[in-house]
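Trainee: Okay, here's the structure, questions in a sec.
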Amino acid sequence: MSETFKVRVNQLPVIEVPADGSQSLLEALEAAGIETRYHCRTGFCGACRSKLHEGEVEYVNDPLAYIRPGEVLPCICIAKSDLILDH
Ligand code: FES
């Protein structure tokens, strides 16, 4: 059994995402059937901007879109812990 992190998005029931970094957070949300907002999927447009309430993510590419403290771009980051976010 591969390891997973527990993720709660928009106060929906908790989903599990792979902990091995094999999917971006955006892909993991999509795979779990969460309705997502996105456009470029490369960290440029900011359409996927989400508020991270709890937990840690790691960027696999540098975010180019403007993000405020506490915001993340799920299209270019991976989960590094259990997360609570608003997307
Ligand atoms: S979809 Fe464009 S920054 Fe994430």
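Trainee: Identify all residues within region 37-71 that are in contact with a Cys (Cβ under 9 Å, 6 or more places away or on another chain) and under 18 Å from Lys6 (Cβ atoms); write none if there are none.
Mentor: Selection gives Val57, Glu58.
Trainee: Can you give me the number of residues within region 53-72 that are under 16 Å from Ala19 (Cβ atoms), of a type in the set (Val, Ile, Thr) and not in a loop (DSSP other than H, G, I, E, B)?
Mentor: Number of matching residues: 1.
Trainee: Within region 24-39, identify whether any single residue is farther than 17 Å from Asp86 by Cα, assigned to a loop (DSSP other than H, G, I, E, B) and out of contact with any Ser or Thr (no Cβ under 7 Å at 6 or more places or on another chain), and answer yes or no.
Mentor: Taking every residue of region 24-39 in turn, at least one turns out to be farther than 17 Å from Asp86 by Cα, assigned to a loop (DSSP other than H, G, I, E, B) and out of contact with any Ser or Thr (no Cβ under 7 Å at 6 or more places or on another chain).
Trainee: Based on what the data block shows, is Cys75 touching a Ser or Thr at 6+ places or on another chain (Cβ under 9 Å), part of a loop (DSSP other than H, G, I, E, B) and either acidic (Asp, Glu) or under 19 Å from Arg8 (Cα atoms) (or both)?
Mentor: In short, no.
Trainee: Of everything in region 12-23, what is without any contact (Cβ under 8 Å) to a residue 60 or more places away in the chain and part of a loop (DSSP other than H, G, I, E, B)? Give them in sequence order.
Mentor: Once the filter is applied, which keeps residues that are without any contact (Cβ under 8 Å) to a residue 60 or more places away in the chain and part of a loop (DSSP other than H, G, I, E, B), region 12-23 yields Leu12, Pro13, Val14, Asp20, Gly21, Ser22, Gln23.
Trainee: Ok, one more. Is it the case, given these coordinates, that Asp62 is within 15 Å of the ligand (Cβ to nearest atom) and of a type outside the set (A, V, I, L, M)?
Mentor: Here the answer is yes, as Asp62 does meet what is asked.
Trainee: Taking Ile34 as the residue in question, decide whether it is surrounded by 14 or more Cβ atoms within 10 Å (Cβ to Cβ) and touching a His at 6+ places or on another chain (Cβ under 9 Å).
Mentor: Taking the combined requirement at face value, the residue satisfies it.
Trainee: Residues of region 65-87 being of a type in the set (A, V, I, L, M) and either within 14 Å of the ligand (Cβ to nearest atom) or surrounded by fewer than 18 Cβ atoms within 10 Å (Cβ to Cβ) (or both), which ones?
Mentor: Of everything in region 65-87, those that are of a type in the set (A, V, I, L, M) and either within 14 Å of the ligand (Cβ to nearest atom) or surrounded by fewer than 18 Cβ atoms within 10 Å (Cβ to Cβ) (or both) turn out to be Ala65, Ile67, Val72, Leu73, Ile76, Ile78, Ile84, Leu85.
Trainee: Still on this structure: When you scan region 10-49, how many residues do you find that are more than 15 Å from the ligand (Cβ to nearest atom) and more than 14 Å from Val60 (Cβ to Cβ)?
Mentor: The total comes to 12.
Any read-out appearing in this document is the output of simple, stated calculations on the displayed coordinates, not a laboratory observation. None of these values were measured; they are calculated from a predicted model. Positions of Cβ are generated from backbone atoms using ideal geometry, with glycine treated the same way; all protein chains shown enter the neighbour counts.
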